[in-house]
Amino acid sequence: ILESCKKTKLPLIIHGGKSPLIKKKKSWNYGVIENLVNVDWGISKYTVVISHAGSYGCDESELEISILPKLNRLLSKFDNLFIDTADLDIDVLIKILKTIDKDRIIFGSDALYELQWISIVKLVHALKTNWSKAEERFLKITSFNPIKYILRE
């Protein structure tokens, strides 16, 4: 897939975390951080977004102990790698926003599973709870980063 993205100059968005809705249990963990760290994301220089910040279906202890340290290492290793905020619980979203550089976060709504306005409200609440300049961060995550890294011409 990364070779195809490289050839076609297209970004890639992949599922990050567990996939408990899939019928085959063996397939549940394809998107977990332990597997994502084994991929050479630099094959394509084009944007790759790990949805759900790599933490879908994971609990807070997994997030803090395993996911965030490995995710930060991945982000520091690959300049084309980003995460999104899709369908995250508010407590998880706050931890991610505190840990991951705002320049590496792209708004994600998971619109087929959660109403977009709910995702926006969660993001605004998480930002206003923790930062005095929440509007700047909000614009960065919802507008400037997607324009720069996903919608570029």
Quote the Stokes-Einstein diffusion coefficient, in whole µm² s⁻¹, for segment 3-43, based on the Kirkwood radius over alpha carbon pairs, a temperature of 10 °C and a viscosity of 1.306 mPa s. 136
Segment 86-136 - charge dipole about Cα centre, Lys and Arg +1 at Cβ, Asp and Glu -1, debye rounded to 20: 220
For segment 28-129, the dipole about the Cα centre with charges only on Cβ (Lys and Arg +1, Asp and Glu -1), to the nearest 20 debye, works out at 400
Determine the dipole magnitude for segment 4-66: charges of +1 sit on the beta-carbon of Lys and Arg, -1 on that of Asp and Glu, nothing else is charged, the reference point is the Cα centre, and the result goes in debye to the nearest 20. 620
Separation of segment 21-49 and segment 120-153 by C-alpha centroid, Å? 25
Chymotrypsin sites (Phe, Trp or Tyr not before Pro) restricted to segment 55-146 and DSSP loop, no more than 11 other C-beta within 10 Å: Y113
Amide H partners (placed H, <5 Å) of I106, local residues excluded: I83, D84, T85
To the nearest Å², the heavy-atom accessible area per residue of segment 21-136 with 1.4 Å probe amounts to 55
Comparing V49, V39, V92, which has the greatest mean-square fluctuation in the GNM of the chain with Cα pairs linked when under 10 Å apart? V39
Test of understanding: in a Gaussian network model of the chain with alpha carbons linked when under 10 Å, which of L75, L112, L97 would top the mean-square fluctuation ranking? L112
Summing -39500 (n - 2.57) over every DSSP H run of at least 4 in the chain, dividing by its residue total and rounding to the nearest 500, the 222 nm mean residue ellipticity is -10000 deg cm²/dmol
Translational diffusion coefficient, Stokes-Einstein: compute it for the chain using the Kirkwood radius over C-alpha pairs as Rh, at 20 °C and 1.002 mPa s, and state it as an integer in µm² s⁻¹. 137
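The values are calculated or read from the model by the stated rules, or taken from the named source; none is laboratory data. Note that this is a predicted model, so its numbers are computed, not measured. Please note: Cβ atoms are built from the backbone with ideal geometry, for glycine as well, and neighbour counts cover all protein chains shown. Note: areas computed on protein heavy atoms with side chains; ligands, DNA, RNA excluded. Shrake-Rupley method; radii C 1.70, N 1.55, O 1.52, S 1.80 Å.
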